[in-house]
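Q: Here's a structure for you.
All of the numbers you see were taken from the coordinates with simple rules; none came from a lab. Since we're looking at a predicted model, the values are computed, not measured.
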Amino acid sequence: MFFISPIKTLYSIKFYLQTLKESLWKAFGFIIYLFVLGAIFLTIYAPLKMQQPLNYGVEQFANYVPDIKVSDGIITANDNKRLVISPKELQGYKIIFDTASTEPAYPTQMQKENVMMYVNQNTIYVLANGQFQQNPVKKDFKFEVSKKTLLENKDQIVQFMSYFVTVIFILILVLRILMLAVLALIIAFIINAVTKANLGFKKLLTLALYLQGPVIILDFILLILPFNIIGINVFIALLIYVIYLNLIFFNLRASIVQEVEEQNEDKE
């Protein structure tokens, strides 16, 4: 059955041989089905997995955030007292709030003093990856945040971030399937040439698409293990493709030989 086809890709070489006789569109349908299953898994898994680290992250962030209010183009932070934030997570870089001042910041100065962000009375200066940004505050922009408001709204913030992380995971899944399918197709071309199996492009592409089954399933199995493993790397995926494709081509040759022998017996 089509619905259990991802499971069959794990253990059945005969299943792969059968797919060579079917339409390429069915292989694309399989990939879409595999993606839908993966998206459902990530929609359930990601919020549960990220709940604890996101809660911790919001709490830690709240410890460093001063009382900030933005109104009428004016920023007020830490009662306009100069504040330097340099947690260990920033690895020596600093964030400076000096909202009593209108003194601008300059990229050379920020780089020399390891300042990642400088905030004065009406402008936010950011230096990241060599890029210097100067962001004046608009007159109609209003904003207010403090440690108290962050902690009071922690559940809503964590929920929103969980949704955001889930979307990122799903986008990564799309890119991963595409990248690995191209890799599988390249390996299929090489083994097809070496073994002189003479399979056409459509059949090789079919195999490459169905071979995403064992790799993606193994990815998800590793994700739910209680270890710090995030999926499998490209080299393990490459090894899986080589093993499966060699088994497929070996059985394909065996089935062709058997068909020839049966035809000869019929003639006799």
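Q: On a 0 to 90 degree scale, rounded to 10, what angle separates helix 24-64 from the longest Cα axis of the chain?
A: The angle comes out near 30 degrees.
Q: Something else now. Using a Cα-Cα cut-off of under 21 Å, which lysines could be cross-linked to Lys112, ignoring same-chain neighbours fewer than 8 residues away?
A: Lys88, Lys94
Q: Using the Karplus equation 6.51 cos²θ - 1.76 cosθ + 1.60 (θ = phi - 60°), what ³J(HN,Hα) coupling, rounded to whole Hz, does each residue of segment 133-144 give in order, writing x for Gly and Pro?
A: The phi angles translate into 10, 10, 10, x, 7, 6, 4, 8, 8, 10, 7, 8 Hz.
Q: A further question follows. List every residue whose amide H lies under 5 Å from the amide H of Ile124, counting only residues 5 or more places away in sequence or on a different chain, with H placed 1.01 Å from N in the peptide plane.
A: Close amide H contacts, sequence-distant or interchain: Asn135, Val137.
Q: Using a Gaussian network model on the chain with a 10 Å cutoff between Cα atoms, which of Ala128, Ala237, Ala77 fluctuates the most?
A: Ala128
Q: Please give the helix 234-267 orientation as an angle from the longest Cα principal axis of the chain, in degrees from 0 to 90, rounded to the nearest 10.
A: Value to nearest ten degrees: 20.
Q: Of the listed values (i) 1, 5, 7, 7, 6, 6, 6, 5, 5, 5, 5, 4, 4, 4, 4, 5, 4, 4, 4, 3, 2, 2, 1, 1, 0, 0, 0; (ii) 1, 5, 9, 11, 11, 10, 8, 7, 7, 7, 7, 6, 4, 3, 2, 1, 1, 1, 0, 0, 0; (iii) 1, 5, 11, 16, 18, 19, 16, 9, 4, 1, 0, identify the label whose number matches P(r) over Cα pairs in 5 Å bins from 0, in percent calculated from this model.
A: Given (i) 1, 5, 7, 7, 6, 6, 6, 5, 5, 5, 5, 4, 4, 4, 4, 5, 4, 4, 4, 3, 2, 2, 1, 1, 0, 0, 0; (ii) 1, 5, 9, 11, 11, 10, 8, 7, 7, 7, 7, 6, 4, 3, 2, 1, 1, 1, 0, 0, 0; (iii) 1, 5, 11, 16, 18, 19, 16, 9, 4, 1, 0, the structure-derived one carries the label (ii).
Q: Let me ask another. As I understand it, the value is the acute angle between the Cα axis of helix 201-210 and the longest principal axis of the Cα atoms of the chain; what does it come to in degrees, rounded to 10?
A: That works out to roughly 60 degrees.
Q: May I pose another question? Could you pull out every one of the lysines with an alpha carbon less than 18 Å from that of Lys148, ignoring same-chain neighbours closer than 8 positions?
A: Lys69
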